[in-house]
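The values are calculated or read from the model by the stated rules, or taken from the named source; none is laboratory data. Please read these numbers as outputs of a predicted model, since none were measured by experiment. Quick reminder, even Gly has a Cβ in these numbers, built from the backbone with ideal geometry, and neighbours come from all protein chains shown. Each accessible area value is taken on the protein alone, full model and side chains, heavy atoms only, with ligands, DNA and RNA left out. Shrake-Rupley method; radii C 1.70, N 1.55, O 1.52, S 1.80 Å.
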Amino acid sequence: MCGIVGVISKGGRSVVSDLGNGAHFLQHRGPAYAGLFVFDPVHRHAAIEKGEGLADDIFKSLGHLSGDVGIAHTRYKTHGGGGIDNAQPFFDPFTAMAIAHNGHITNVHQVEAELGGCNQALTSSCDAEALLRVVCLWVEHFRRLDPEAGEREHVFKAIAEVQQRVTGAYSTVLATQTGLYAFRDPHGFRPMVLGRRSRKGREAVMIASETLALEQNGFAVEQHVPHGAALYVDRDLNIDERTLVQKDPRPCAFELIYFADVESKMFGDSIRSFRWRAGRTLAMYLIENAPEIVPEIDLVVPIPHSPIPGAEAFAQKLEKEVDSAALQYATPVSKYRFGGRIFMEETQEARDEAAMLDFRVDAKAVEGKNIFLVDDSIVRGTNATRIVRAFRAAGAKKIFFGTLWPMVIDSCFQGINTPTQNELIGARFNGDTDEVQVELGVDALFYLPEDVFVANVIKGAAACMACTNGKRAVKFEHSGTVLPPVT
């Protein structure tokens, strides 16, 4: 999971500020690394800047850059190691194209092997560079076949080949000397939206991972880019959109509960609304399946920050079932605001250390009380284990635990860094809720079941929930070759 931004302006106005501001509002999608790339046609110059840390810190010294088309990225590592060499964007000087993507290429090893077979060495282990190289080689292939055609036709044909041959998840922005391209994988696993802004006669188009990045920068959201689609925006801000290779839609439903900012919109509704419905549904599930627990609850507590709307809805629904004075909602657990997301740490040791440092519990608020903790999900169990122990140490009497997401039982290869099942607490205990409950040390544990989530939260919408059911839509290798034939 990462954040991508692409901006192109009319009249030569610099887009550096918009790229930085867009990345700022996508920082939650990738706090480890950030970078931007811009083309400056006036000075015939291209610039790329990347660094480790937050976008604001990396981009604050780049005000001197100019360019009317560019892309930016905030990185959360899913494939490839750490280090600035693996930060996006990537630039190919031979074709003068730069790329940034959100997702994970599942046949990246096949791509790397084919590139190695034709002496195409990579400078990093990030799958974005491999993706860029595939695009560039297909563009060069079509240029040789039809030198009279323009860049746009070559690039669209290259993207269609990528969508057929490169497997996995990729919402991608691509900058060239002539304009801005964007494309999504055939299933549309990761989000992408397009917006337009006209301010005092200055016009621009922005493409980003979430609506928040558009709206906070004054761009009106025009559309969610369809799965399997590709588009091109020229310097007059004309948009050429084509559906190239489209399969059944599989947008990631976990975006709604964990990844996306609460103020963004996806699946035709606000993220806040989805989390609210999940909390209300969890309350109804508890009432139906463990009604004896409801009157025991003294305090409903969200784990900051994603599940807060869900916890509020959960508490309000339960208040209607018990004496409203008996059940309270409070936030006695605080999370250091600059601590990042523990889930995104690169090693289990780092996650454990972050969990120890990140949370604090107000003992006076929880001592002697029965607590119902609401979290967005339980993936590895690092967060949950630490918080339960903290509440026990603070004197909580009983601890019940509920999640807005079903049990995670399988690895994700569409943009989440969970490559092995043995790191998933649900998979380690073969999906046995009772055993996970014992491992976490809670008095009762409630996952929102997958069928209940689909019916009541996303209302039957098409979505990828492979991490909860093991039903993957992509393969790990393309049956044919990925690269164009040697001519």
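From the list VAL173, VAL225, VAL233, VAL162, the lone residue that is free of Cβ contacts under 8 Å to residues at least 40 places away in the same chain, among the β-branched types (Val, Ile, Thr) and open to solvent by less than 20 Å² (accessible area, probe 1.4 Å) is VAL162.
In region 93-109, the residues that are among the small types (Gly, Ala, Ser) reach residues that are at pLDDT below 95 and surrounded by 22 or more Cβ atoms within 10 Å (Cβ to Cβ) with C-beta atoms within less than 7 angstrom, at least six apart or across chains, in these pairs: GLY103/GLN414; GLY103/GLY415.
For region 236-255, the candidate set comprises residues that are among the basic types (Lys, Arg) and in a loop (DSSP other than H, G, I, E, B); within that set, the residue that is farthest from ARG29 (Cα to Cα) is LYS247. Among the residues of region 404-426, is any open to solvent by 20 Å² or more (accessible area, probe 1.4 Å), outside any strand (DSSP E or B), in contact with a strand residue (DSSP E or B) (Cβ under 7 Å, 6 or more places away or on another chain) and closer than 27 Å to ARG75 by Cβ? Yes: region 404-426 contains one or more residues that are open to solvent by 20 Å² or more (accessible area, probe 1.4 Å), outside any strand (DSSP E or B), in contact with a strand residue (DSSP E or B) (Cβ under 7 Å, 6 or more places away or on another chain) and closer than 27 Å to ARG75 by Cβ.
When you look at GLU255, is it open to solvent by less than 10 Å² (accessible area, probe 1.4 Å), touching a residue at least 12 places away in the same chain (Cβ under 8 Å) and charged (D, E, K, R), yes or no?
On the way: open to solvent by less than 10 Å² (accessible area, probe 1.4 Å): yes; touching a residue at least 12 places away in the same chain (Cβ under 8 Å): yes; charged (D, E, K, R): yes.
Yes; evaluated as a whole, the condition is true for this residue.
All conditions in (1) within 18 Å of VAL155 (Cβ to Cβ); (2) open to solvent by less than 10 Å² (accessible area, probe 1.4 Å); (3) charged (D, E, K, R) hold for ASP127, with the sole exception of (1). Tell me, which residue of region 313-330 that is open to solvent by 70 Å² or more (accessible area, probe 1.4 Å) and modelled with pLDDT of 90 or more is farthest from TRP276 (Cα to Cα)? If we take residues in region 313-330 being open to solvent by 70 Å² or more (accessible area, probe 1.4 Å) and modelled with pLDDT of 90 or more, then GLN328 is farthest from TRP276 (Cα to Cα).
Pairs linking a residue in region 390-419 that is touching a residue at least 60 places away in the same chain (Cβ under 8 Å) and under 13 Å from MET465 (Cβ atoms) to a residue that is hydrophobic (A, V, I, L, M, F, W, C) and assigned to a strand (DSSP E or B), with Cβ atoms under 6 Å and 6 or more positions apart or on different chains, are GLN414/ALA169.
Among the residues of region 385-403, just one is open to solvent by 10 Å² or more (accessible area, probe 1.4 Å) and β-branched (Val, Ile, Thr), namely THR385.
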